[in-house]
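Report on the following structure.
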Amino acid sequence: MELNNKSAIVTGGSVGIGAAIALDLAQNGVNVAINYRKHIDEANKIVEQIKKMGRKGIAIQADVISFADAEKMVQTALKEFGRLDILVNNAGINQDAVVWKMTEEQWDSVIEINLKGCFNYIRSVTPIFKNQNYGKIVNITSINGLRGKFGQSNYSASKAGIIGLTKSVARELGKFNINVNAVAPGLIETDMVVHSPEEVKQKALSEIVLGRIGKPEEVAWVVTFLCSDKARHLTGEVIKVDGGQYI
Ligand code: NAP
């Protein structure tokens, strides 16, 4: 892919899908800044791997719910790399409960991290992307934002919100040569699902027509494609990476 010397921010790049995205972008020539909340050692290891590939990498402890942190991280990445071309909004959590048992705190934290977190970073990078008349934004949603899921009203609402955000922002930014797309994974083997109850995993697995749980790098490859100019005529799209789980 022709991504040499581009620079990216990947939110939630310490583990799981975000770490795979950060590494695949670096593999394709991109300098990458990641943020994280808790996994400091893992975040530093990802940065080490990025540097071993000959790219610049930085890890910043920054909670995506903080707009001030987002602005600071964007400015730090810009200063460190000299330019910024790509934003991948990946950080996300789930806190599952049926709606009649869901606490206000569970609702608020999932909506704030998953949805407002995307706004914070999009708002912070767009002045830069607009000025340079170039930018790629990829938001990680979920197939459960397309179809809803039992026990995940907060999560599904946040992920459906990301789809609306993606399409609106794609319309606003198209004239500035900025592509805005979303990737909707199905069940992917990460910490987020390792702790799910076994019957929930088995039910999801039974839906996947390719017959296996996806791997983080299989999501990352699609994100890298969307960040490349081979995808320059794609915007406002939601691409499922789910082994056919949704169909
Ligand atoms: P994960 O393994 O739990 O990793 C989540 C990442 O987000 C970590 O790097 C975590 O950082 C970071 N993060 C969480 N809250 C944050 C916050 N407030 N501020 C900054 N960073 C924060 O999850 P994953 O499975 O890789 O999921 C990544 C994305 O894919 C999420 O948006 C998720 O909803 C989506 N997704 C996952 C699946 C799946 O099956 N795994 C399916 C569909 C969609 P620290 O832990 O270091 O704090």
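The values are calculated or read from the model by the stated rules, or taken from the named source; none is laboratory data. Here the structure is a predicted model, which means the values were calculated and not measured. Neighbour counts run over all protein chains shown; Cβ positions are idealised from the backbone, glycine included. Areas reflect the complete protein model, heavy atoms only, side chains present, ligands, DNA and RNA absent. Shrake-Rupley method; radii C 1.70, N 1.55, O 1.52, S 1.80 Å.
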Phi-based couplings in Hz for the range 224-231 (Karplus 6.51, -1.76, 1.60; Gly and Pro marked x): 4, 4, 5, 7, 8, 6, 5, 9
Note, V32: beta-carbon cut-off 9 Å, +1 each Lys/Arg, -1 each Asp/Glu, net +2
Order of 67-76, 114-123 by packing, highest average Cβ count within 10 Å first? 114-123, 67-76
Less than 25 Å apart at the alpha-carbon level, and either on another chain or at least 8 residues along: which lysines does that give for K45? K6, K56, K72, K79, K215
Per the 1.4 Å probe, what fraction of the accessible area of the range 7-241, in percent, lies on carbon and sulfur atoms? 53 percent
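So with the 1.4 Å probe, I'd like the accessible area per residue for the chain, rounded to whole Å². Spell out each step's value before the answer.
On the way: 11580 Å² over 247 residues.
Spelled out: the 1.4 Å probe surface of the chain, per residue, equals 47 Å².
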Sorted largest first, extent of the chain alpha carbons per principal axis (Å): 48, 35, 34
Surrounding charge for I188, neighbours by C-beta under 15 angstrom, Lys/Arg +1, Asp/Glu -1, total -1
